[in-house]
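The values are calculated or read from the model by the stated rules, or taken from the named source; none is laboratory data. Computed from a predicted model, the values in this text were never measured in an experiment. Positions of Cβ are backbone-derived with ideal geometry, glycine not excepted, and every protein chain shown enters the neighbour counts. Protein only, heavy atoms only, side chains kept; ligands, DNA and RNA dropped before computing areas. Shrake-Rupley method; radii C 1.70, N 1.55, O 1.52, S 1.80 Å.
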Amino acid sequence: DRMNHINNVDDSLRRFVTFEPRAHVAMTVNLLQPPVHPEADAGFIVLQADRAHPMSGSNCICVVTALLETGRVKMVEPETIVRLDTPAGLITARAQCKGGRCLSVSLDNVPAFVETLDLEIETPQWGRIKADIAFGGVFYALVDVEQIGLSIEPVHARALAEAGIALRALLADRVPVRHPWMPGVNEIAYVMFRARDPDGAIRTCTTLKPGRVDRSPCGTGSSANLAVLHARGEVKVGDMRRSRSIIGGEFTAEAIGETRVGDKI
């Protein structure tokens with residue numbers, strides 16, 4: 001409800017903290033909130049240049065680090081468990097800590113699921129391409145990058161961003177989505193391009209309005225793609241896959257269980 005208020009009623013705070021001169025398009029602001037969920041230590045809403053979003057894996061890591069290193073949540077070494085309330089649901093984070101510093105964070109994300117596999121889209125620039133539509137905390141369109149004639153490299157960042165924004169605009173008019181449990185989570189937030197590296201890692205490039213690419217491997221996108229691989233029979237519970245960003249950063253995504261979200265498994 002708080003996220004929907006920002007998006008639908010009054011977004012003046014979001015614009016104040018995400019626009020220049022206080023920030024710019026490549027930055028995200030995490031709005032800390034008192035939690036609603038009784039088990040949560042804190043809550044947060046992801047504020048970006050386009051709107052407020054329900055979840056972000058990389059930003060969740062940032063929030064956990066900030067809460068622990070500033071003492072807002074008590075740090076316990078070698079591991080601290082932090083539970084975060086997000087508009088997408090409760091996130092359980094496990095932070096590895098040493099010497100007052102947060103060294104790494106793993107997240108039990110909200111359930112991810114596939115909406116549609118191999119959706120065909122007619123585009124004016126690239127002809128007919130296919131996309132998988134999946135939820136990993138937000139809704140994604142996942143597109144194999146070779147379909148647009150590019151590779152996921154920093155030199156192509158601008159072209160990838162422009163392509164992703166163009167594809168998202170096409171999808172917004174043609175592909176309705178709605179999370180079964182969450183009013184207001186009803187749009188494809190991002191287009192994520194993907195490719196397989198020779199070592200088996202999945203190289204990712206998430207594109208964000210109004211025109212940038214994610215420097216991180218993208219936690220919610222990695223979760224959405226893992227759901228796609230599971231739906232295709234390429235991943236089972238307990239399997240792990242590496243996601244690698246456009247600048248080489250890596251996340252490890254693991255299928256930790258199966259559940260049902262509405263009529264989705």
Within the set LYS130/LYS264; LYS236/LYS264; LYS130/LYS209; LYS98/LYS236, which residue pairs have Cα atoms separated by over 25 Å? LYS98/LYS236
Report the label-to-label distance for SER104 and ILE247 in nanometres (one decimal), using points 7 Å from each Cα along the Cα→Cβ vector. 2.1 nm
On the accessible surface of the chain, probed at 1.4 Å with all protein chains in place, carbon and sulfur together account for a percent value of 51 percent
Amide H to amide H under 5 Å from ASP239: which residues, 5+ apart in sequence or cross-chain, H placed 1.01 Å off N in plane? ALA255
Helix-derived mean residue ellipticity, 222 nm - over the chain, DSSP H n ≥ 4, -39500 (n - 2.57), to 500: -6500 deg cm²/dmol
Column: log10 I(q)/I(0), Debye, Cα scatterers of the stretch 1-130, q = 0.12, 0.17, 0.18 Å⁻¹: -0.58, -0.94, -1.00
Springs between alpha-carbon pairs under 10 angstrom, Gaussian network model over the chain: which of PRO217, PRO78, PRO198 fluctuates most? PRO198
Rounded to whole Hz and in sequence order, give me ³J(HN,Hα) for the stretch 200-209 from the Karplus expression 6.51 cos²θ - 1.76 cosθ + 1.60, θ = phi - 60°, writing x for Gly and Pro. x, 5, 9, 7, 10, 8, 8, 10, 10, 5
Scan the chain and hand back the longest stretch that contains none of the GluC sites (Glu not before Pro) lying in DSSP loops with at most 10 other Cβ atoms within 10 Å. 40-257
Under a 10 Å cutoff between Cα atoms, tell me which one of ASP85, ASP239, ASP173 has the largest fluctuation in the Gaussian network model of the chain. ASP173
Estimated distance in nm for a label pair at LYS74 and TRP126, the labels positioned 7 Å out from Cα along Cα-to-Cβ: 5.1 nm
I'd like to check one number: the per residue accessible area of the stretch 1-108, probe 1.4 Å, reported in Å² as a whole number. 51 Å²
Can you give the extra length, in nm with one decimal, that the chain gains between ALA172 and ASP199 once fully stretched, where that is 0.36 nm per residue apart less the Cα-Cα distance? 6.3 nm
Using θ = phi - 60° and the Karplus relation 6.51 cos²θ - 1.76 cosθ + 1.60, list the HN-Hα couplings for the stretch 28-41 in order, rounded to whole Hz, with x at every Gly or Pro. 10, 10, 9, 8, 6, 9, x, x, 8, 5, x, 8, 7, 7
Answer in debye to the nearest 20: the dipole magnitude of the stretch 11-159 about its Cα centre, from +1 Lys/Arg and -1 Asp/Glu charges placed on Cβ, is 660 debye
In whole Hz and in residue order, list the ³J(HN,Hα) couplings for the stretch 136-142 that follow from phi through the Karplus curve 6.51 cos²θ - 1.76 cosθ + 1.60, θ = phi - 60°; x for Gly and Pro. x, x, 9, 7, 10, 9, 9
(i) 16.8, 52; (ii) 18.9, 56; (iii) 17.9, 55, with the label sought being that of the calculated Rg and Dmax of the Cα atoms in Å: (iii)
Taking a probe of 1.4 Å, how large is the accessible area per residue of the stretch 113-265, in Å²? 46 Å²
The stretch 37-145: chymotrypsin sites (Phe, Trp or Tyr not before Pro) falling in loop per DSSP and having at most 16 other Cβ within 10 Å: TRP126
Pick from ARG101, ARG14, ARG242: which is most flexible by mean-square fluctuation in a GNM of the chain where alpha carbon atoms under 10 Å apart are linked? ARG101
Estimated D of the stretch 118-252 in µm² per second, where Rh is the Kirkwood radius over Cα pairs and Stokes-Einstein applies at 20 °C, 1.002 mPa s: 144 µm²/s
